[in-house]
Amino acid sequence: RTMIGFVNPLAACGITDARRRSMICSAKKPRGFLTDGKDEELERIASEWRKKQKRQEEKKTIKKGKEEKLASQQANRSADKKKRNSSAMRNGGSGAVPTSRKNPYVEPAKSSGRTTFKPEEVAGVRFGGSFTIDIPRTRVPEIAFIGRSNVGKSSTINCLTGLKKKVAKTSKQPGRTQQINFFILSDAEEQDLATLVDLPGYGFAKIGMEDQRSVEVFLERYLSDREELKLVAILIDSRREPQATDLALLNSIRQFPCKTQIVMTKIDLMTPSNLSKNAQAFAEAAGLTDDDEDLIFFSAVTGQGRGLLWQAAQEAIAMS
C-alpha cells in the first residue's frame, strides 16, 4: 500500500508486487546461501565431471572389448595349434608345429663337394631357415650347437664365422630359440661349405610342457637321422658348477651316432683358477677320462678357442 502523498520507488520503477515479494524472500536467505551465479558455476563443474566420468567409462568399455577380443584370438590360436599337433601325430609326424615364418631356405644349387675346408675360406654366411619337422637336406656338413638357454650359442656361431655380419640373433631373454635354425657358410665363389645349426636351448625355456615335449621329439629325430650332421658341440657355461641338466644332456647325446665336443663358454668372465676348478668339477661329474675328447675353452668376446673348435669340426667331417 502507499500512503497519500508518498510514491513507492519500486512501483515507480515498474516492479510488480510479485517481483517485489520475490526480492524480499531472496534478501531473507541465510548468509552463505548459494546465489544464482554460484549455482550456474556449480552446475558447470558438475557437468564437466559427468562428461569426464562418461569418457572414462567409454575407455574402460573399449579396453575391456580389446581384452576380450585378444583372449578370443589366443584361444582360437591355441585350439588351432592343438588341432595341427593332433593331425601331425596321426600322420606319423613329431607333433611339433612347423614355423609360421616365411621360410627363406633354398637348397644350395652349388655345393663345393669337399669334405674339408679352411676357416679362412669362409667368405659369406646366410640364414637358411627355421624348422621343426620336414627339414630339407643341405648337402653339406652340419655342425650343431646345443646347450643351456643363454649359454652363448648364437654368440659362438657369430664368432666361428669370423665375419663382421652377425647372422645369429642374440637375446637376453632365455628360451627364445624353440626351432632349429640353419646358417649356411659359403666361400668366395658362393659355393656352400658347411652349415652351422643352432638347436633349441633348455633349462630356462619359458614354454608349456606340451611344447617342451614337441621340442624334445624333433630334436631326437634330428640327432638320430640326420646324415649331414657331423659334430654336436655341447656348450657349458664355465661360470656355473656342474648342472644336472647339462650332465643329462651329455648322456643323452652320447647315445646318438654323431660325434660330440664339449665347449666351456664365457671364459673371459672367469679367473684362471676358478675356470680350472669348474672345468675339473664338470669332468669328474661327467665321468670324463683321458680317452675322452678334451674340453675346449671358448670366448666369443676374445675369440679364444675358435681355432680349436674349427679343428674339432674338421676332424669330425674328415672321419665321416
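All of (1) at pLDDT 85 or above; (2) of a type outside the set (Phe, Trp, Tyr); (3) under 16 Å from the mean Cα position of the chain (by Cα); (4) surrounded by fewer than 22 Cβ atoms within 10 Å (Cβ to Cβ) hold for residue 162 with one exception: (3). Would you be able to say whether some residue in region 167-180 is loosely packed, with under 14 Cβ neighbours inside 10 Å and modelled with pLDDT of 75 or more? Within region 167-180, not a single residue is loosely packed, with under 14 Cβ neighbours inside 10 Å and modelled with pLDDT of 75 or more. Closer than 19 Å to residue 298 by Cα, of a type in the set (A, V, I, L, M, F, W, C) and within 28 Å of the chain's Cα centre (by Cα), is that true of residue 269? Criteria met by residue 269.
Just one residue in the set 144, 96 is within 29 Å of residue 246 (Cα to Cα), in contact with a Leu (Cβ under 8 Å, 6 or more places away or on another chain) and either modelled with pLDDT under 70 or hydrophobic (A, V, I, L, M, F, W, C) (or both); that residue is 144. Looking only at residues in region 256-291 that are surrounded by fewer than 16 Cβ atoms within 10 Å (Cβ to Cβ) and among the β-branched types (Val, Ile, Thr), the one that is modelled with the highest pLDDT is 271.
Filtering 145, 127 for residues that are touching a helix residue (DSSP H, G or I) at 6+ places or on another chain (Cβ under 8 Å) and aromatic (Phe, Trp, Tyr) leaves a single hit, 145. Restricting region 243-255 to residues that are part of a loop (DSSP other than H, G, I, E, B) and either in contact with a strand residue (DSSP E or B) (Cβ under 8 Å, 6 or more places away or on another chain) or of a type in the set (Ser, Thr, Tyr) (or both) leaves a set whose member that is surrounded by the fewest Cβ atoms within 10 Å (Cβ to Cβ) is 254.
The values are calculated or read from the model by the stated rules, or taken from the named source; none is laboratory data. All values reported here derive from a predicted model rather than from experimental measurement. Positions of Cβ are backbone-derived with ideal geometry, glycine not excepted, and every protein chain shown enters the neighbour counts.
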